[in-house]
Amino acid sequence: MSRAVIFDLDGTLIDSAPDIHAAANRVMARHGFALFTPEETRSFIGSGVPHFITCCLTARGRAGDGALRARLIEEFIADYETAVTLTRVYPGVMGALDVLAGADLALGLCTNKPEGPAHSVLSHLGLDGYFPVIIGGDSLTVRKPDPAPLQATAAALGARDVVFVGDSEVDAETAARAGVPFVLYTQGYRKGPVERITHDRAFSDFAHLPGLITDLLS
């Protein structure tokens, strides 16, 4: 297939913030730190696990402890691998994926979530069959907003014409740097208002996504 739709995962297809919050608090509690609110950990999501843990330690006044940071990253990823029970698929996602796949479009996933946890949660939610190509935050030596992961996903799909669907400023920057159209899901984990995020189309209901994709690829 020469045409593809590539998706971000957290905050785009799934609401994983409750599992991320719970996993972070389990790890932080183990080291004697005060627990976070759901709003705090949600604000840390989007740039991968190392950044997430850095945010956690910064909020607790331990940003400069490199050894502790490395240990928490390792512990968080190990916990995160099975942190799937609180995560939910956003309404309408599977219907939209069925329509897009039926329109002869290749589907791929480009996420800053590590590959292991990404595969675990996709399998748990029954989404794994939609995505023959998954590039995670640890698949390459760089992660979004570097354009390389998105470009690698497109190359693995054999796609020439690509649309990227995401929910955040990181995703918007990734698409811009890769030179591909960006569709913004407005109900995810963005940090600022929709109008301040560069996008070609925006939607809040997945029933509208196939039409937007058709429009951009026509």
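Odds and ends about this structure:
- Electrostatic tally near residue 101: other residues with Cβ closer than 15 Å to its Cβ, Lys and Arg +1, Asp and Glu -1, net -2.
- Overall form of the chain: prolate. Here a/c, set by the Cα gyration tensor axes a ≥ b ≥ c, is 1.5 or more, and a/b is the larger of a/b and b/c.
- For the chain, modelled as a GNM whose springs connect Cα atoms under 10 angstrom apart, the maximal fluctuation among 70, 96, 118 occurs at 70.
- Expected 222 nm ellipticity per residue - DSSP helices of 4 or more, -39500 (n - 2.57), all of the chain, to 500: -13500 deg cm²/dmol
- Contour excess over end-to-end distance, with Cα ends at residue 196 and residue 31 and 0.36 nm allotted per residue: 55.6 nm
- Computed about its Cα centre, the charge dipole of the range 17-80 is approximately 160 debye, with only Lys, Arg, Asp and Glu carrying charge at their Cβ.
- Selection of trypsin sites (Lys or Arg not before Pro), the range 165-218, meeting DSSP coil and at most 14 other Cβ within 10 Å: 191
- In nm, spacing of pseudo-spin labels at residue 68 and residue 51 (7 Å Cα→C-beta vector): 2.3
- Relative to the current alpha-carbon distance between residue 39 and residue 101, full extension at 0.36 nm per residue lengthens the span by 18.9 nm.
- Label zone at residue 218 (point 7 Å along Cα-to-Cβ), backbone N below 16 Å, the range 135-171: none
- Taking amide H as placed 1.01 Å from N in the peptide plane, the amide H of residue 108 sits under 5 Å from that of 5, 6, 7, each at least 5 places away or on another chain.
- Label zone at residue 161 (point 7 Å along Cα-to-Cβ), backbone N below 16 Å, the range 203-218: 210-218
- Rel. contact order, % - alpha carbon contacts under 8 angstrom, at least six apart, the range 99-205: 20
- Local electrostatic count, residue 152, Cβ distance below 14 Å [Lys/Arg +1, Asp/Glu -1]: 0
Rule-based calculations on the coordinates, nothing more; no lab input. Quick caveat: nothing in here was measured; it's all calculated off a predicted structure. Note that each Cβ is placed from the backbone with ideal geometry, even for glycine, and that neighbours are counted across all protein chains shown.
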